[in-house]
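Visitor: Okay, here's the structure, questions in a sec.
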Amino acid sequence: MPNLDCNIAKELIAHPHILFFPSWFPDQGKDLNGSFNLTWAKRMAQFCKVHVIAVHLEDLDVDFEWRENVIDNLHISRLILNRKQTKLKRWLLRSKLLAARAMELHALDSFDLVHVSVAWNMAFIGHKVSRKLGLPFYITEHSTYFLTRQKFDLKKIISYNLMRKANVVMAVSLELKAHFESKGMRKVHVIPNFTNVELDEYSSKISSLYCFAHVTNWDVERKGTKAVLDSFIKLRSQQPCKLILIANGINIETLGYSKKDLKELDIVLYEGFIDPAKYYSCLSQAHCLVNFSSKETFGISVVEAVKLGMHTIYTRSGGPETFMKEEWGSPIEVGDTPDLYKKMEMACKEKILLKAGDGHRNQLFSAKDIFEQHIKIYHG
């Protein structure tokens, strides 16, 4: 199908109207769980109408309540369930209330399709609503969970069954697409994640020392965080350098280091809640991102680093190697800690940076391009 021209893009500004069910979505406080879903919805809402229906848990005096708000052009309906209820009661209420709310919204302003992010958790509701409304049903899936090996996993079986009912499954990488096709899914397309940052939007490198960055979360084993810290500490004993550690949901002491240790080792730790603006501001202060994951279906932090003008050391873990150019970074094999140290040493010694003015880097996974990929799929 040919690329969308400007006239077609204009016709699609108010079309389609998407009903979006994210499996996780940030609340209005300090919980950023599912922030990638907010990014997806906000980016899509730049070009078409999007209504999000999300679920959160809180301590309430009632069984549930609805909260509505609008962010820019994005409409959000939040179902707040009482955390003190049993899981069964919450599940039954959620199923009933989400479907009813979708029907009410459809009666006010018709939807054109139902889109779910992550099969487990919300795909059952999404499929139920799509059947009731007679609308096409799409699933975006990016979880590394499906690429883990387990003999029997009911969660995976249920998710695969729901994916087979979708009009199209949108996987974020070729590896994930191949995996789903091996499970009998015929309509699987690759669409990468949106990024929430523009080239050089945050460009200050304020440290006089060469500075690395590492982004991790609760899954520190998969992220290779211990190996990154050990390699940095070894390198720092040989030449001056710094490390920015952006860590969400981890206890650094489980890796054998205290916060006092990190401070003494020129490791700047950002942990817990960190909003997107602060995240990009922190990340952009570094000269080089170190990604040592054993598995990535996409590798959003790698994309963000490239767009921020950072050199990147990354593993061939399933995602990053599918889009990285040779001049953007240094690939290493999964688990190769000697090469990790060697690449960090070389980057620090030669003070490697990305060259400015790379037009392709500027357009890497742009919002308009990814939107147009969605539209091609939505329109068959």
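Visitor: Expected output is a single nm value to one decimal: the length gained when fully extending between Lys234 and Glu264, i.e. 0.36 nm times separation in residues minus the C-alpha distance. What is it?
Guide: 9.4 nm is the gain from fully extending Lys234 to Glu264.
Visitor: Also, I was wondering about something else. Taking springs between alpha-carbon atoms closer than 10 angstrom, which of Trp218, Trp328, Trp40 fluctuates most in the Gaussian network model of the chain?
Guide: In the Gaussian network model the winner is Trp218.
Visitor: Using a Cα-Cα cut-off of under 27 Å, which lysines could be cross-linked to Lys84, ignoring same-chain neighbours fewer than 8 residues away?
Guide: Output for Lys84: Lys30, Lys96, Lys128, Lys155.
Visitor: May I pose another question? At 0.36 nm per residue, minus the direct Cα-Cα distance, what do Leu88 and Asp336 gain on full extension? Give it in nm, one decimal, please. Provide the component values of the computation, followed by the final result.
Guide: Values: separation 248, 0.36 × 248 = 89.28 nm, distance 4.50 nm.
Between Leu88 and Asp336, full extension yields 84.8 nm more.
Visitor: Related question: Would you mind giving the average projected area, over all directions, of the Cα convex hull of the chain in nm² with one decimal? Before the final figure, lay out each step's value.
Guide: Values: hull surface 81.0 nm².
Directional mean of the projected Cα hull area for the chain stands at 20.2 nm².
Visitor: Which of Lys187/Lys307; Lys87/Lys183; Lys295/Lys343; Lys42/Lys376; Lys42/Lys295 have a Cα-Cα distance over 23 Å?
Guide: Violating the 23 Å Cα-Cα cut-off are Lys187/Lys307; Lys87/Lys183; Lys42/Lys295.
Visitor: Out of the range 276-362, which GluC sites (Glu not before Pro) are coil in DSSP terms and have no more than 13 other C-beta atoms within 10 Å?
Guide: Glu333
Visitor: Cα gyration tensor of the range 211-363, axes a ≥ b ≥ c as square roots of the eigenvalues: rounded (a/c below 1.5), prolate (a/b > b/c) or oblate?
Guide: Rounded, since a/c falls under 1.5.
Visitor: While we're looking at this one, here's another question. Near Asn73, within a Cβ-to-Cβ distance under 9 Å, what is the net charge of the other residues, with Lys and Arg +1 and Asp and Glu -1?
Guide: Value of the local net charge: +1.
Bear in mind these aren't lab numbers, they're just calculated from the coordinates by the rules spelled out. Nothing here was measured: the structure is a model prediction, and the numbers come from that model. Counting neighbours? That spans all protein chains shown, and the Cβs are built from the backbone with ideal geometry, glycine included.
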